[in-house]
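Take a look at the structure below.
Read-outs throughout are calculated quantities, based only on the coordinates presented, and are distinct from any laboratory measurement. Fair warning: this is a prediction, and the values are worked out from it, not measured in the lab. Cβ atoms come from the backbone with ideal geometry, glycine included; neighbour counts cover every protein chain shown.
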Amino acid sequence: MTRKKTDTIAVRTGIGTDTQHHAVVPPLYLSTNYRFPALGDVPTYDYARGGNPTRAQLEQALTDLEGGAGAVVTNCGMAAINLVLSLLKTGDKIVAPHDCYGGTYRLLESRSKQGIWQVKFVDQSDPDALASALAESPTLVLVETPSNPLLRVVDIADICQQAHQVGAWVVVDNTFLSPALQQPLALGADMVVHSTTKFINGHSDIVGGAVIAATSELAETLAWWGNCIGATGNAFDSYMTLRGLRTLGARVKQHQQNTQAVLAYLQTVPAVRQLYYPGLTTHPGHEIAARQQSGFGSMLSLELDTDSDGVARFIAGLSLFALAESLGGVESLVTHPGSMTHRAMSDAAQAEAGIAPTLLRFSIGLEDADDLIADLANAFAALAA
């Protein structure tokens, strides 16, 4: 049989595998430890930090969805990034996006200041800046596309080709799109990371992460380090994530449909100074996104034509868009990156990344699109008042 489609993998992983009671949905294994059959006879699962049947099913699902050779489910998205960094040695060089997620920036910058690694933050869409960074022979290149929060898009296949020529691993943060819309391993990446808190779970009720590896060797090494540093996820969160994953395809389709309706409205509003969304033909990365993605997602950002007080009035005028961090849940959210997700970055770093004080990031949820547009219209009315 040919490889199953993404929606089928998401729905069917683990279904009908229970041999004890023949449950359709696989059970949740909460046990901390597992009995050894005999002295010296090490079972598949011995202690939950190193392995758990429920977590293993989620790992298999993510491996299949991303087309990888193995995965490690972690306790949060930052643990997934940190797990990848466990592969590095002291003094190794990392090339990272200058506009990456604030938590990733904070981790890389802090470890760099400790002298553990050397980190170079560059605009990876600038060919000269990228070539200059790769000329320093980095060990790892971190890619985030679309980027958080400005939805910048870079060519994964091209970066992988250049990075591999200098012997570097490439790890792609695929959180904004999920494997439903982008599969970086097929484009040449060595590893993919996710905050499974976001679209993969999709219900804003667990925190988790994952690393998926292109080769069995990398997968085994990551699993060893995951157990060693205690980065692995727990059984209940894995169960909830697998439950959310089963509706990934349906959710992503509706997310995108709502996003198109919201975008059509926003393009008519004079108070929107700039829209950031790869699906717009005016977006600098539109052609690349159309080539390497199977959809443009449901994350968008915009700059308001106002000042800080105007931003506050606009946010106060919203009722359906909750002011909160995170993204990818069934509910719509608005985030002010400068004071929320990216506040760990200095003002200078934010300015260099293009994060303006009037920038807002939206995660478009599954509410009725007409209601979302009406909510935005109320907020723009409050802005104008």
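To the nearest Å, what is the center-to-center distance of segment 259-280 and segment 173-191, using C-alpha atoms only? For segment 259-280 versus segment 173-191, the Cα centre distance is 25 Å.
A cut-off of 5 Å between modelled amide H atoms, ignoring neighbours fewer than 5 places along the same chain, links residue 93 with 118, 139, 140.
When only alpha carbons are used to place a centre, segment 140-158 and segment 52-113 end up 15 Å from one another. Counting Lys and Arg as +1 and Asp and Glu as -1, what is the net charge of the other residues whose Cβ lies under 10 Å from the Cβ of residue 238? Charge balance near residue 238 sits at 0. For the chain, relative contact order (Cα pairs under 8 Å, six or more residues apart, normalised by length) works out to 18 percent.
Counting only residues at least eight positions apart within a chain, or on another chain, the lysines with an alpha carbon under 29 Å from that of residue 120 are 89, 93, 198.
Among 177, 359, 87, the largest mean-square fluctuation in a Gaussian network model of the chain, built with springs joining Cα atoms closer than 10 Å, belongs to 87. Near residue 274, the amide H atoms lying under 5 Å from its own belong to 303; only residues 5 or more places off or on other chains count, and H is placed 1.01 Å from N. Cross-link reach is defined here as a Cα-Cα straight distance under 20 Å, omitting same-chain residues fewer than 8 places apart; for residue 4 the aspartates and glutamates meeting it are 59, 64, 66.
Over the chain, DSSP H runs of length four or greater, each weighted -39,500 (n - 2.57), average out per residue to a 222 nm ellipticity of -11000 deg cm²/dmol.
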